Amino acid sequence: MKTAFVNARLMDPATDFDGTGTLLVNGNIIEAMGKDVDTTSADATIDCGGRVLCPGFIDMRAHAVDPQSALAGGITTIILQPNQTSVIDNDATVERIRHRSVDSQVVSVYPMGAATQGMRGEQIAEIGQMQASGAIAFTDCTQAVADAKVMRRLLEYASHFNALVVQFPQNAELSADAIAHEGETATRLGLPGIPAMAEAIQIDRDTRLAELTGARLHFALVSSRIGVEAVRTAKARGAKVSCSTAAHYLHLNDNALEGYRTFAKVSPPFRSEDDRVALIEGLADGTIDTLVSDHMPKSQDVKRLPFAQAAFGVVGFETMLALALAPVHRGQLDLMTLLKALTTTPATLLGLPTGNLSPGSFADFVIFDPNKPWRISEEKLLSAAKNTPFDTLPVQGQVWKTIADGVAVFEQG
Amino acid sequence: MSMNSTDQSSYPRADVAPPSGKLFPHKHLLGIWGLDPTAIKHLLDVADGYVDLNRQAVKSTETCRGLTQINLFFENSTRTLMSFEIAGKRLGLDTISMSTGTSSIKKGETLLDTAATLNAMHPDVLVMRHADSGAVKLLSEKMDCAVINAGDGRAEHPTQALLDALTIRRRKGSIHGQTIVISGDVAHSRVARSNIYLLNAMGARVRLVAPPTLLPADIDRLGVEVFHHMEQGLEGADVVMMLRLQNERMQGAFLPSLREYYHFWGLTREKLKVAKDDVLVMHPGPMNRGVEIASDVADDLDRSAIEEQVEMGVAVRMACIDVLTRDLRNGERS
């Protein structure tokens, strides 16, 4: 079975190819891609109507699998975080998740293993065995490995396996019990604040440890200007570090907490307007390498509580693309740069075979209309929970079709 | 979750007559933030009348007879709870008080379930205190009746700010133009926040005096002058409001010791010399004598308004209950 996707704006961040043409898929493999593809052998032809066709998104940070929601957001590969009901800190759990993923055959799921046992920050987890079972990076996810000695040994040990360590860049002492960005809004609302400096300090310390050990280190969810600057400085020095941010940080600042809106309670917190702008700049100039959803479904039961007691997190799969396209439409971010951060770069960091449109690759791709206006509606979300701070927000850019393993697994109704 | 709401808006308004024509166009009293000077002045004017009533031998009125008031305190309190209870009783409401030990929150019930339960009992006024900032607002979204915030976390304690304002207005004639110092643990204080909003709205010059560790980030953006040296902050002050210092602040590295705190930030006669001669000394209570305030200052009959604040507290709370139930008593219950 061969399908030709014609009249598409093909965008392949792996080769920087950007032009109108055809993508020919044979079964679950991309056979040809380009301006002048011979489609006579195709059994079916799909007219993409000039929409963008690019590799399926690789979401480096999801806390739940939630496949329908992911596919609706154009995400064909999910990197599951280890903070599951039972922490992913051993090879058996990793294998169970990998098997479940193979069975589902819709969205590819790769787990990250815990960096330390039970994510307690004390003893190094079984990185070698987890890696052999399919864990593709190691992180304590929602908290930093705080102890400098443990972090150093973790990096040294991980470097032996050439394993990527992902650190949550937030100094534990400076952020203890705090729930909002330290600034005017938190002060007025009477919420304990986390200074942006808590992020920069963690990044500074750990880039030095990465340099000391030669390990590969990634910072998940940079949220502040000084955080971005800390990474920029480290990269300029030649440190092997990379970082990500989540799409919602490009869109909201700490004003979103007004009225104690717990749907805007995220970790790290939404920061100042200046920080938000710096994240877009960092993504545009490549300081921020990857963009993630940080998808974290939470029920009303744990969100409709006083702010201090409410759970952190938002659902992000289905809003990620539209939120990230906003700075593109404003001319602050190049579309190819954005797509790189969603596809090729995470594939390279994690050593995944996807994230490009090269002939011979798996047919995981997404077709989206970058200009289509629509309104985010929590009722229409396919996710397991509806905790979005973007309900009713008008946005521009929507997924038309998601193709995973050669099959159209999501089509916009 | 919508930003809605029926309560006061979340931004300060200009001093204009409210569109409804009502002097206090809000369903709840959740905080001072968002109240305009007209609304604040109205509450103070009504409270003034109750001060006179409270000084008579027979203090009860029939104003709110038949209405039910629930005082729901999730945090220990003696004086505020009593003050609200007395205020309700003097207005003729049936008052019921629950405090944390007897509530089912301890059994794991969520705040919104508690709200639904209480709402089903049809109270007319709910007074609530909670340790979490924003908790009273959250509960108010599920209540049909008027909700009065008796203190939520570090966020707001509006009736305290109103009683402080009434005390100042009666002693000084006006709040406008007064230089008012708030000193102590501003970072953890809801009293400080509500007072900053109210005093600014009414045209006072507000100064804060505290060690840097007890001042929250960007506090200067709320329209206050910040001082770390007490003598500088007290220079020419008309009013000094001291805040209570919690003993637990010695943990968490906020302060080295009570002794050192008293030395630099305790209010003494000596430090007060740079303030105006007729400076008014206030404290929301309960006081830590010898920590944030010297006994001879607290007990100085010419300057200390601390007992008067307690008296004004009852009058202000009567005014709040009265004003918030007016529509209801006039048959406009929706």
* Pick out the one residue from B:269, B:317 that is at pLDDT 95 or above, among the basic types (Lys, Arg) and crowded, with 22+ Cβ neighbours inside 10 Å. => B:317
* Tell me which residues, restricted to the stretch A:240-252, are open to solvent by 20 Å² or more (accessible area, probe 1.4 Å) and either in contact with a His (Cβ under 8 Å, 6 or more places away or on another chain) or away from chain B (no Cβ under 14 Å) (or both). => A:240, A:251
* Please give the number of the condition residue B:241 fails out of (1) of a type in the set (A, V, I, L, M); (2) over 16 Å from residue B:210 (Cβ atoms); (3) part of a strand (DSSP E or B). => (2)
* Considering only the stretch B:166-218, state which residues are without any contact (Cβ under 8 Å) to a residue 12 or more places away in the chain and closer than 25 Å to residue B:277 by Cα. => B:173, B:174
* **Of all residues in the stretch A:292-349 being surrounded by fewer than 22 Cβ atoms within 10 Å (Cβ to Cβ) and among the hydroxyl-bearing types (Ser, Thr, Tyr), the one that is modelled with the lowest pLDDT** => A:299
* To do: Name the residue, out of A:275, A:289, that is open to solvent by 10 Å² or more (accessible area, probe 1.4 Å) and more than 25 Å from residue A:115 (Cβ to Cβ).
  => A:275
* **Set B:115, B:87, B:135: member being under 22 Å from the mean Cα position of the chain (by Cα) and within 14 Å of another protein chain (Cβ to nearest Cβ)** => B:135
* Taking the stretch A:364-413, which residues are among the β-branched types (Val, Ile, Thr), part of a loop (DSSP other than H, G, I, E, B) and touching a residue at least 60 places away in the same chain (Cβ under 8 Å)? -> A:388
* Structure fact -> Filtering the stretch B:211-225 down to residues that are surrounded by 16 or more Cβ atoms within 10 Å (Cβ to Cβ) and either among the aromatic types (Phe, Trp, Tyr) or within 13 Å of chain A (Cβ to nearest Cβ) (or both) yields B:214, B:215, B:216, B:217, B:218, B:219, B:222, B:224
* **Qualifying positions in the stretch B:41-69 - farther than 23 Å from residue B:82 by Cα and either open to solvent by less than 40 Å² (accessible area, probe 1.4 Å) or in a loop (DSSP other than H, G, I, E, B) (or both)** => B:42
* Structure fact -> Of (1) acidic (Asp, Glu); (2) touching a helix residue (DSSP H, G or I) at 6+ places or on another chain (Cβ under 9 Å); (3) more than 14 Å from every other protein chain (Cβ to nearest Cβ), residue B:185 fails just (3)
* Structure fact -> Going through the stretch A:87-127 in order, the residues found to be at pLDDT 90 or above and of a type in the set (S, T, N, Q) are A:90, A:93, A:108, A:116, A:117, A:123
* more than 18 Å from the chain's Cα centre (by Cα), modelled with pLDDT of 95 or more and under 28 Å from residue A:266 (Cα atoms): does that describe residue A:148? -> yes
* **One residue from B:234, B:245 being closer than 20 Å to residue B:304 by Cβ and at pLDDT below 95** => B:245
* Asked: For the stretch A:140-153, what are the residues that are crowded, with 24+ Cβ neighbours inside 10 Å and touching a Leu at 6+ places or on another chain (Cβ under 9 Å)?
  -> A:145, A:151
* Could you identify the single residue in B:250, B:230, B:241 that is open to solvent by 20 Å² or more (accessible area, probe 1.4 Å), hydrophobic (A, V, I, L, M, F, W, C) and away from chain A (no Cβ under 14 Å)? => B:250
* To do: Give the stretch A:241-267 a look and list any residue that's over 21 Å from residue A:318 (Cβ atoms) and either touching a strand residue (DSSP E or B) at 6+ places or on another chain (Cβ under 7 Å) or among the polar types (S, T, N, Q) (or both), or say none.
  => A:241, A:242, A:243, A:253, A:254, A:255, A:257
* Say whether the condition of being closer than 30 Å to residue B:145 by Cβ, out of contact with any strand residue (DSSP E or B) (no Cβ under 9 Å at 6 or more places or on another chain) and in a helix (DSSP H, G or I) is met by at least one residue in the stretch B:290-311. => yes
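The values are calculated or read from the model by the stated rules, or taken from the named source; none is laboratory data. Note that the coordinates shown come from a computational prediction; the quantities given were computed from them, not determined experimentally. Don't worry about glycine lacking a Cβ; one is built from the backbone with ideal geometry, like all the others, and counts go over all protein chains shown. Remember, those area values only see protein heavy atoms, side chains included, never the ligands or the DNA or RNA. Shrake-Rupley method; radii C 1.70, N 1.55, O 1.52, S 1.80 Å.
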